[in-house]
1. Relative contact order of the range 260-392: what whole-number percent is it, with Cα pairs under 8 angstrom and at least 6 residues apart?
2. Can you tell me the relative contact order of the range 157-196? Whole percent, Cα pairs under 8 Å, sequence separation 6 or more.
3. Between residue 419 and residue 158, what is the label-point separation in nm under the 7 Å Cα-to-beta-carbon projection?
4. I want to verify a result. In a Gaussian network model of the chain, Cα cutoff 10 Å, which of these has the top mean-square fluctuation: 264, 255, 123?
5. Cα gyration tensor of the chain, axes a ≥ b ≥ c as square roots of the eigenvalues: rounded (a/c below 1.5), prolate (a/b > b/c) or oblate?
6. Is any residue of the range 29-66 close enough, with backbone N under 16 Å, to a label point placed 7 angstrom from the Cα of residue 227 along the Cα-Cβ axis, and if so, which?
7. Where does helix 197-208 land angle-wise versus the long Cα axis of the chain, in degrees 0 to 90, nearest 10?
8. Between residue 351 and residue 298, what is the label-to-label distance in nm when each label sits 7 Å out along the Cα-to-Cβ direction?
Ligand code: EPZ
């Protein structure tokens, strides 16, 4: 059982004092899939720039439960062999902690002809259905049997390549069928595929190992099925985490005197950077860094934020940007188009002194600027949890953010790294 811990933050009371450099880690929403894709390999493969986060630990546990060998070279590099895989049954306790475990189903089904997995569970942000996974597997020739909250998906012989149209541009559905297509018979075409950069990075990695994937970075991805992949001499470096980078840029705008966010990909943050510029935030970008500075005494303008599939405004930055909107002048509007339940964190924000109004499950107003006072608050999910830490940094007085396991799911050693740029934040047993 994970320890109950809380972050204690002594807020800056609106002062901009954070400075120095914060290095961005590897992308959570890429590495969970590249780790899953090792199931498609006949030999050992290395993955580097792996963030030291709880979701990675859970995924490595899931792979070991399935019979994989995992060698930890250092905190951020692993060598994985799934040659010894001896089952395609995904355990309930792993799936319940890790929604993304659903991406294991594609590679397992493609390799073994069957996969047995529990409903991966929703979370506070939405129901997180899996109908697109099940329909896609059926279109590839598999039979699906549901019993006691588990799904048994089986094929007679190999999975068959198929044309799959995605009614929603789901990232994990796109990745699951891109991986399943690697070992399916014939060609698989994914139409209305998601465009998130993590998908293309995964596809390029698989192609280096012998896959035949085309159409990466477009909404139609084609995969010609073939043999198991080979990791011979391959070491895939995980791309920088654009959501972590964006969260740090927002923190820098609110609390930074001169903050350098390094080892990131500014080109993956166009939607955020466009909006921050609109709001009057001063920053500059380089090939792999963003420097946020010169914002002392600046008043930011309110914004209308509509979340959208990539390259639109990322839903995972919706909660962090809302903290900036509580400090912006005037009425801002949030339209969360992807998930039906990703605004509830605003209620707790009002207890800090923010002035928000949830209109319905997708839309809310935020009025600013509002003086924030530190509060005790529970993290409902990893992105809102980090947003509360940002609110605590802005606020006057002490903030306690509980359930930090959620934040540790997606941000490596975040308290240490924020302390290093000047935030008074500590971790203690709650
Ligand atoms: C990925 O989730 C990310 N997770 C999410 O990040 C991110 O918020 C999301 O993409 C959108 O960018 C990972 O990559 C592990 P979905 P994904 O549940 O692709 C509908 C974070 O904080 N849908 O597929 O799993 C669904 O209702 C997390 O890091 C179906 O209709 O998102 C929603 O409207 C949160 N049927 C849309 O697709 C299905 O079978 C996307 O939801 C599956 C999904």
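1. Details: 241 pairs, mean separation 26.7, N = 133.
Computed over the range 260-392, the figure is 20 percent.
2. About 58 percent, as a whole number.
3. 5.4
4. Largest GNM mean-square fluctuation: 123.
5. Working: a/c = 1.86, a/b = 1.79, b/c = 1.04.
Prolate is the answer for the chain, as a/c is 1.5 or above and a/b outweighs b/c.
6. Inside the label zone: 40-44.
7. The angle comes out near 30 degrees.
8. 3.2
Here, each number is a calculation from the coordinates, and none is a lab measurement. Only a predicted model underlies this, so the values are computations on that prediction, with no experimental measurement involved. Ideal geometry is used to build each Cβ from the backbone, glycine not excepted, and the neighbour counts take in all protein chains shown.
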